[in-house]
Structure formats: structure tokens, C-alpha cells
Amino acid sequence: MPIRRFGGHRCLVSHSPKLSYGYTKMNISKSGYRVFSANSSPACAQLAKKITERLGVELGKSVVYQEANRETRVDVKESVRGQDIFIIQTIPRDVNTAIMELLIMAYALKTSCAKNIIGVIPYFPYSKQCKMRKRGSIVCKLLASMLAKAGLTHIITMDLHQKEVQGFFSFPVDNLRASPFLIQYIQEEIPDYRNATIVAKSPSSAKRAQSYAERLRLGLAVMHGEAHHSELDMADGRQSPPLSRTSTGHTGLELPVMMAKEKPPITVVGDVGGRIAIIIDDIIDDVEDFVAAAEILKERGAYKIYIMATHGLLSAEAPRLIEESAIDEVVVTNTVPHEIQKLQCPKIKTVDVSMILAEAIRRIHNGESMAYLFRNIAVDD
């Protein structure tokens with residue numbers, strides 16, 4: 001290969017079309033990646049530690065803290081130029097502080113010339129506020145826009161409350177599933193699970209429960225009645241503007257008036273007599289509905305009651321109510337920190353999902369397909 005001199009420097013010149021115009025051939029090594037924790041609470045850093053241990057990397061050096069006036073400050077202590085950065089953010093009780101920590105850290109990494117900024121948010125906050133309520137707002141879409149503006153280019157999350165939330169984002173969203181880990185727990189930790197019935201505590205959670213029932217080859221029961229309120233029954237803004245107007249002139253068309261809904265008495269569609277009842281849901285926060293469902297199932301003959309949910313928010317008096325209820329065990333994943341709640345209620349058990357989060361990070365960085373993490377998972381799961 002001939003050598004030519006350009007401006008005092010010797011360069012290899014190839015006759016190949018890919019190396020024409022006298023460009024110097026250079027070997028550019030693939031950029032690395034770093035994993036940061038965006039949470040100021042030590043308890044919330046446990047998931048980040050488990051993920052980095054599985055990946056065999058060190059947690060990125062950063063400091064996240066609150067100043068005296070409650071402003072959030074983030075200091076990144078190492079260079080991130082040209083690297084893939086993964087920000088792990090779990091959501092504790094102080095949701096809004098956690099969101100600001102994530103936004104500020106993402107913006108700090110963006111201005112530090114990070115190549116890609118991927119948010120690992122196992123529980124996505126405000127996911128229940130994904131529909132219009134009267135004159136309210138779709139807060140989930142607002143948060144998606146804020147994350148994009150801060151610099152995030154990708155999100156890894158788990159069991160979104162509504163899968164359609166992915167359409168709010170202008171960048172890719174990988175919505176992982178916790179069901180393989182929860183199903184494994186049922187098979188390994190619940191004695192005589194084959195004598196169980198999967199229960200949906202409301203018709204809105206029937207699809208999720210049906211998926212568990214089909215995979216475990218178990219029966220399905222659905223609860224319906226006045227104690228359970230579906231999100232579909234809430235006001236959705238179609239009463240705006242107000243029906244009564246004081247203006248004169250044309251009064252408008254006479255539209256038929258819809259009859260008000262009346263909840264029927266509580267019914268359980270399916271057989272739970274003499275069986276283990278396993279209630280399936282995605283989020284367990286206020287537990288009054290779960291406690292009421294457990295009492296009904298006990299009356300129908302269920303001799304043990306388990307609750308399986310991905311995100312254990314367990315707010316307010318949830319641990320005490322669970323401890324005093326007919327519920328035998330509540331199983332949640334570690335997408336949300338709940339160590340304090342476990343100390344208050346021994347019935348709460350935890351399933352670790354750091355394995356799938358670590359594998360998702362590795363595959364995204366290496367440009368590998370994510371299909372392996374969704375094998376045998378249907379759209380409705």
C-alpha cells in the first residue's frame with residue numbers, strides 16, 4: 001500500500017472505495033458504559049448494587065443529596081464522555097424528589113457529553129395518571145416529555161400500569177415482565193400450588209390473572225361487585241363544558257340521558273372452595289380492596305390467600321392492615337424499596353428481579369436483541 005505525505009504527516013492511502021480520499025485508517029475502540037444510582041436514599045441503592053454485581057462493574061461515582069432548602073444537587077465525579085450511561089432510579093415514598101433526582105442527573109450527564117443516557121426505572125411513577133379525569137391532565141405524558149427534554153434516550157421499566165403508556169415517549173421503551181419470577185415463586189414456595197385458583201380482584205385485572213392461570217394450568221376466578229371500583233367508571237372529561245348554561249338563545253339538542261350505574265352485590269365467578277386463592281395484580285398500594293377481597297374469598301371457602309404483585313408501594317397503614325387481615329402472604333418484587341414495611345409485617349416477601357434488569361443493560365449496550373427477555377410473552381401478558 002503506497003505511503004504519501006500530507007502536510008508533514010505520512011498516511012496510508014488505499015485504493016479501496018471505503019478508504020479513498022487519502023483518509024487515515026484508524027482503529028476506534030467501542031465506548032464503554034457506566035451505571036449510576038440516582039437516589040439519595042441508601043436503602044434505594046440496594047437494587048443498583050445488585051445489578052452492578054451481576055454485571056461485574058463498579059457503581060459510578062456520583063453524589064446525590066438535598067440542600068437545606070430541599071433543592072436537589074447532583075455531582076458526577078468521573079468522566080462520562082462518549083459512554084453509554086445507565087441511571088438506576090427506584091421510586092421511594094417521596095416520589096417527586098426521586099423524579100427531580102433523575103431529571104437533574106440525566107441533564108448533568110447530557111451536558112458532560114455522554115453518548116447515550118438510559119434510564120432504568122423499574123416502577124414508572126404517575127403511571128396510573130395516564131387518562132383524562134375531568135379537567136385534570138395526563139401526568140404520565142408530561143413526565144415522559146420531561147425525561148426526553150432532560151436527555152434520556154431510552155428507558156427500561158417493568159410492568160407498566162397500562163402498556164399504551166409507551167406511546168407517550170419519543171424514544172424506545174423496554175417494558176420488561178416480572179411474571180416469570182412470580183410464577184417461579186408460586187411453583188417453588190407455595191406448597192400444593194396445584195390446588196390453587198388464580199383470582200382477579202376486579203374485571204380490569206382479569207387479563208393479567210388469565211395469563212398466570214394459563215401458564216400454571218390452574219383455574220381462574222374473577223371478583224365483581226360494589227366494593228371494587230374500576231378506573232373505567234371514573235369521570236373522563238366528557239361532562240365539560242357544564243351541562244347547564246345560563247346563556248340565552250338556542251338550547252341545543254336533546255340528548256338521551258345515560259342511566260347511572262349501580263354496582264351489583266359482590267360475586268365471585270369461579271370456584272375457590274377448599275382451594276388456595278392467589279390474587280394477581282400489578283401494583284399493591286392502598287390495601288383496603290385486597291383485604292376486602294381476602295375476606296370474601298375466605299367466606300367462599302378458600303383456606304389460604306396469597307397476593308402476587310410486581311410493585312409493592314404499600315403506602316400508609318398497608319403493613320398493619322395486611323398483618324391484621326386474612327391474607328397469608330404478600331409477594332412483591334424489589335422494583336420499589338419496602339424494607340421498612342417488611343419489618344412491620346412479616347407476611348411481606350420479596351422476589352429479586354435484578355437479574356433481568358442487568359441482562360437488559362448488557363444487551364442494550366452490546367446492541368443485542370431484546371427478544372430473549374420477552375420469549376413466550378404475548379401482547380396481552
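Couple of notes before you dig in:
- If you go through the range 301-325 and keep only what is open to solvent by 30 Å² or more (accessible area, probe 1.4 Å), among the hydrophobic types (A, V, I, L, M, F, W, C) and under 28 Å from residue 270 (Cα atoms), you end up with just 321.
- Any hit, the range 15-32, residues being of a type outside the set (Asp, Glu), modelled with pLDDT of 50 or more and in contact with a Ser or Thr (Cβ under 6 Å, 6 or more places away or on another chain): no
- Members of the range 289-303 found to be free of Cβ contacts under 8 Å to residues at least 40 places away in the same chain and out of contact with any helix residue (DSSP H, G or I) (no Cβ under 7 Å at 6 or more places or on another chain), listed by number: 294, 295, 298, 299, 300, 301, 303
- In the range 196-213, the residues that are part of a helix (DSSP H, G or I) and farther than 11 Å from residue 278 by Cβ: 203, 204, 205, 206, 207, 208, 210, 211
- Of the criteria (1) open to solvent by 60 Å² or more (accessible area, probe 1.4 Å); (2) modelled with pLDDT of 65 or more, which one residue 242 fails: (2)
- Selection within the range 128-158 - in contact with a helix residue (DSSP H, G or I) (Cβ under 8 Å, 6 or more places away or on another chain), in contact (Cβ under 8 Å) with a residue 40 or more places away in the chain, assigned to a loop (DSSP other than H, G, I, E, B) and not basic (Lys, Arg): 151, 152
- Some residue of the range 73-82 being free of Cβ contacts under 8 Å to residues at least 60 places away in the same chain, open to solvent by less than 20 Å² (accessible area, probe 1.4 Å) and outside any strand (DSSP E or B): yes
The values are calculated or read from the model by the stated rules, or taken from the named source; none is laboratory data. Keep in mind the model is a prediction, meaning the values are calculated, not measured. Cβ atoms come from the backbone with ideal geometry, glycine included; neighbour counts cover every protein chain shown. The area values use the complete protein model at the heavy-atom level, side chains included, leaving out ligands, DNA and RNA. Shrake-Rupley method; radii C 1.70, N 1.55, O 1.52, S 1.80 Å.
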